[in-house]
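Notes to accompany the following structure.
The values are calculated or read from the model by the stated rules, or taken from the named source; none is laboratory data. As the structure is a prediction and not an experimental result, all values here were calculated from the model. Glycine also receives a Cβ, built like all others from the backbone with ideal geometry; neighbour counts cover every protein chain displayed.
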């Protein structure tokens, strides 16, 4: 058996042995993906999750068949230690690489930013366990972008902060935290008109899509720097806190 394999779960399932793709049936795909996303899993958990419609003996029988078929591969992908299943130590997984890139260092976090978007975990799969992991990765990705933006903002790198925030907004336009960061960036640069526009554009978006307003905290952030004055038109006018403006 070859000792090098690459399992890809982002943007679709694929198993490569070196540069050669390995054909994997849907049943075996689900088994490998489930174990890979949990690093290890017991036989009862795997059998009960992947074959919930089967009674226990039949589910365990299907698992045994799947393990036998994996053992016929030219590449070792799954290690069995009694009741415990885990990926073979020679198998690398793209999800693990993503988790390392957003957790280990700021330099690697920049790679996530430059990618311009998060590849979806196993698109077209709707198992409950896939949906939970998909959301976990999405939230981690968004929090990483926001953390990077906040770091750049505090360092005075407004262009870097803006880039990270705009990537986050592309991924989730209704999420308030990147809009709030965008507001803070504009205020830090002294771009009060853009700060006002950012707040009201987001307010209009929320009202149209969800029928709600931004949080009071976001409004207070704006009002701490600019305060509204009465006007005659449909758009509010503001004066700058600490000085007169419009």
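Couple of notes before you dig in:
- Among the residues making up the stretch 147-168, a single one is touching a helix residue (DSSP H, G or I) at 6+ places or on another chain (Cβ under 6 Å), closer than 25 Å to residue 99 by Cβ and surrounded by fewer than 19 Cβ atoms within 10 Å (Cβ to Cβ): 160.
- Residue in the stretch 35-55 that is out of contact with any helix residue (DSSP H, G or I) (no Cβ under 7 Å at 6 or more places or on another chain), in contact (Cβ under 8 Å) with a residue 12 or more places away in the chain and over 23 Å from residue 81 (Cα atoms) present: no
- Looking across the stretch 199-226, the residues that are touching a residue at least 24 places away in the same chain (Cβ under 8 Å) and not in a helix (DSSP H, G or I) come down to 210, 214, 215, 225, 226.
- Among the numbered conditions (1) within 28 Å of residue 141 (Cβ to Cβ); (2) in contact with a strand residue (DSSP E or B) (Cβ under 7 Å, 6 or more places away or on another chain), the only one that residue 74 does not meet is (1).
- Residue identified as modelled with pLDDT of 90 or more, at positive phi and surrounded by 19 or more Cβ atoms within 10 Å (Cβ to Cβ) among 137, 122: 122
- Set 181, 222: member being farther than 29 Å from residue 119 by Cα, surrounded by 13 or more Cβ atoms within 10 Å (Cβ to Cβ) and either at pLDDT below 95 or touching a helix residue (DSSP H, G or I) at 6+ places or on another chain (Cβ under 8 Å) (or both): 222
- Taking the listed residues 24, 80, the one that is in contact with a helix residue (DSSP H, G or I) (Cβ under 9 Å, 6 or more places away or on another chain), outside any helix (DSSP H, G or I) and modelled with pLDDT under 95 is 80, with no other qualifying.
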